[in-house]
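The values are calculated or read from the model by the stated rules, or taken from the named source; none is laboratory data. Just so you know, these numbers come straight off a predicted model, no measurement behind them. FYI the Cβ positions are ideal-geometry reconstructions off the backbone, even for glycines, and counts take in every protein chain you see.
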Amino acid sequence: MLGSPLLVETRSLAKRYGDVTALKHCALQIERGEVYGLLGPNGSGKTTLIRLLMGFLRPSAGSAWIDGLDCYRQSVAVHARVAYLPGDARLFRQMRGREVLRFFCGARAGADFRKALELADRLKLELSRNVSMLSTGMRQKLALAAVLAADTPLAILDEPTANLDPNVRSDVLALVREARSAGRTVIFSSHVLDEAEQACDRVGILREGELVHVARVSEVRRQHRIRARLTGPLPQPPAALARQLTIAASNGGVTIHTPGELSPLLGWLATLPLAEVRIEPLGLKTVYESYHPPQSGNGADDSAADAGHPRGVRR
Amino acid sequence: MNKALWSKSIREARPLLLALVALMFGFHWLFVWLTSLVELGAYKIILQALPGEFHSLVNIPLAKLATDTGRISLAYVDPVVIFAVLSWSLARGSDCVAGELGRGTMEMLLAQPISRLAVLGVQATVTTAGAALLAVAAWLGTVQGLAVCKLSDEVSAADFIPAAINLFALTFFLAAASSLISACDSYRWRAIGVMGGFYVIELVIKIVGRLAPKYDWLMYGTFLAAFEPQVMVVSPERAWSMSLRYDGALIGLAAACYVAAAIVFCRRDIPAPL
């Protein structure tokens, strides 16, 4: 895979703990220079996948590769190419902030202490304090500064904005964008769909340990959903449009899902016997909720049908 | 190996090591001084009043125990010394894997281009160096005591070198066994508990084996049978052959424990921070 456009690849990757399957049949492909979001609720397998990529866990089946290196068997060489921020970053409590940055910069070739100090300054970190005296959010920021100071081709950030206040969250997203601009690849796991939509080029949605959907964010942004109530029967769309649309009728209404541009559809829409119509961009949230309906059940069934996605893998 | 890793490990070990080195040095010096205060004749009377089982336990004939050399040799099996040795070996050994896992710092550490073997190797090297320093401090404490205190017998500091080496071998083994338990576990408190329990069981086996002649075969089942520094001191003519057997056994067992710890640690899954 050296020199190939793919930086990260997993093949039928699985992890089982006794009877519990934490990850199954995961086939992931991430290209160099893209920001890839891993989305899913707690227990969906995001962190297991990341820990397998880091070589912390031995795969039960399949394999994971980063830059042509086996993540488990060649983990030291893989780590030289990866900067990793865990979801709950724990640092050496007896060290001061500056010493933590010095340790992580000293632990890997190519890490720049001055860059770490600049990042710390940008994140408004107090480096003279002991780690044990820092709040959870401050520790997370310190870990982020340590991780992003390493100039590695890949950065894996497991929920990097958890525990952070909104201002710092936007700083973190800006840092992710800067990393991408610098040609780095970023794997970004998050619960916050807005953040993923802002930061990621592509997202993978995990459900019960399975990668069930991969979407390009730019394409998701182009998709629209039209909800309408009709006064008469729905006429057949023109053949050219029919191929693109997913139409679902329910309770006297109709939901039309369009995967691409809206403009070719508008003429046909104007011919419909409409009582009410609502056109909205689909957004990542709708795609996500088609695989993970909200717990309240509010519109859950709708969103699955609305998004027009089958309950299987779709790329 | 990684310089940052060495600095971290030394930094973590330093406070406990300095305290225990001071304790070892001071205690052995103090022990010689206290020995010089108690007249040998009075000591013999005390020894004769003690039940025979005491002599079985210390494994030294009364005639040899009732000398300044014999009395000072007991410092090497004193509970204070055992406490210091156990503190160092259990604290360090249990910390190497289970401690880092428990604090959640292992994954940040292993996310660097540092092998698991290096993490364990650096920790083990610093712990072993610390064990050697403790043994040297014990011996230097004895040397200092002998230099400044007036004793009735002529006592040679060189006679205590095999005892100090035996002390080192015991510490090395205890640290290695603790590291093995730590490599298998994710909770430091449990690793300390298991190792502490193991030590107590081995001690009870040794005591039973010593006190009950019909159970003397139990001595083959305890590593503490290879810890006899007081015997090495009072029998200088066979001290080095004993050292070869006893220290060789302890160091060999320790090496086996470290190899097993490395295999376990390199193959195991690293759990998410607890």
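Residues of the range B:154-165 include none that is small (Gly, Ala, Ser), at pLDDT 95 or above, surrounded by 14 or more Cβ atoms within 10 Å (Cβ to Cβ) and under 30 Å from B:ARG267 (Cβ atoms).
Against the numbered list (1) charged (D, E, K, R); (2) modelled with pLDDT of 90 or more; (3) in contact with a helix residue (DSSP H, G or I) (Cβ under 8 Å, 6 or more places away or on another chain), A:ARG169 comes up short only at (2).
Considering only the range A:20-35, how many residues are hydrophobic (A, V, I, L, M, F, W, C), buried (at least 18 other Cβ atoms within 10 Å of the Cβ) and outside any loop (DSSP other than H, G, I, E, B)? Write out each step before concluding.
Looking only at the range A:20-35, we keep the residues that are hydrophobic (A, V, I, L, M, F, W, C), and these are A:20, A:22-23, A:26-28, A:30, A:35.
If we keep only those that are buried (at least 18 other Cβ atoms within 10 Å of the Cβ) too, we end up with A:22-23, A:26, A:28, A:30, A:35.
Those still in the list that are outside any loop (DSSP other than H, G, I, E, B) too: A:22-23, A:26, A:30, A:35.
Count: 5.
In the range B:3-19, the residues that are of a type in the set (S, T, N, Q) reach residues that are modelled with pLDDT of 95 or more and crowded, with 16+ Cβ neighbours inside 10 Å with C-beta atoms within less than 7 angstrom, at least six apart or across chains, in these pairs: B:SER9/B:VAL122; B:SER9/B:GLN123; B:SER9/B:VAL126. Restricting the search to helices (runs of 4 or more DSSP H) fully inside the range B:57-155 and requiring at least 2 residues that are within 14 Å of chain A (Cβ to nearest Cβ) and either touching a Lys or Arg at 6+ places or on another chain (Cβ under 6 Å) or not basic (Lys, Arg) (or both) gives B:100-103, B:106-110, B:116-148.
Just name the residue that is nearest to the other protein chains (Cβ to nearest Cβ) out of those in the range B:242-274 that are closer than 11 Å to B:PHE173 by Cβ and among the aromatic types (Phe, Trp, Tyr). Among them, the one singled out is B:TYR258.
Being within 14 Å of another protein chain (Cβ to nearest Cβ) and touching a strand residue (DSSP E or B) at 6+ places or on another chain (Cβ under 7 Å) holds for only one residue in A:THR48, A:THR10, and it is A:THR48. Any residue that is touching a residue at least 60 places away in the same chain (Cβ under 8 Å), under 16 Å from the mean Cα position of the chain (by Cα) and surrounded by fewer than 16 Cβ atoms within 10 Å (Cβ to Cβ) - is there at least one of those in the range B:253-266? The answer is yes, given that some residue of the range B:253-266 is touching a residue at least 60 places away in the same chain (Cβ under 8 Å), under 16 Å from the mean Cα position of the chain (by Cα) and surrounded by fewer than 16 Cβ atoms within 10 Å (Cβ to Cβ). Among the residues of the range A:93-115, the one identified as within 8 Å of chain B (Cβ to nearest Cβ), surrounded by fewer than 16 Cβ atoms within 10 Å (Cβ to Cβ) and small (Gly, Ala, Ser) is A:ALA109. Scanning the range A:149-195 for residues that are touching a residue at least 40 places away in the same chain (Cβ under 8 Å), farther than 22 Å from B:GLN112 by Cβ and among the β-branched types (Val, Ile, Thr) returns a single hit, A:VAL168. If the condition is being at pLDDT 90 or above and either surrounded by fewer than 20 Cβ atoms within 10 Å (Cβ to Cβ) or farther than 16 Å from B:GLY104 by Cβ (or both), then the range A:127-140 contributes A:LEU127, A:SER128, A:ARG129, A:ASN130, A:SER132, A:MET133. In this structure, does A:ARG16 turn out to be within 14 Å of chain B (Cβ to nearest Cβ), touching a residue at least 40 places away in the same chain (Cβ under 8 Å) and over 22 Å from B:GLN112 (Cβ atoms)? Considered against the rule, which asks whether it is within 14 Å of chain B (Cβ to nearest Cβ), touching a residue at least 40 places away in the same chain (Cβ under 8 Å) and over 22 Å from B:GLN112 (Cβ atoms), A:ARG16 comes out as yes.
One line per residue, one yes/no per condition, for (1) aromatic (Phe, Trp, Tyr); (2) at pLDDT 80 or above; (3) assigned to a loop (DSSP other than H, G, I, E, B):
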| site | (1), (2), (3) |
| --- | --- |
| A:VAL254 | no, yes, no |
| A:GLY260 | no, no, yes |
| A:LEU272 | no, yes, yes |
| A:ASP301 | no, no, no |
| A:ARG311 | no, no, yes |
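Restricting the range A:72-92 to residues that are without any contact (Cβ under 8 Å) to a residue 40 or more places away in the chain and more than 7 Å from chain B (Cβ to nearest Cβ) leaves a set whose member that is farthest from A:VAL176 (Cα to Cα) is A:ARG73. Among the residues here, B:SER73 does not qualify as over 20 Å from the mean Cα position of the chain (by Cα), closer than 26 Å to B:PHE173 by Cα and not basic (Lys, Arg).
Every residue in the range A:53-71 that is aliphatic (A, V, I, L, M) and within 10 Å of chain B (Cβ to nearest Cβ), please. Even if it seems obvious, please write down each step before you answer.
Step one: filter the range A:53-71 for residues aliphatic (A, V, I, L, M), giving A:53-54, A:57, A:61, A:64, A:66, A:69.
Listed by number, the residues that qualify are A:MET54, A:LEU57.
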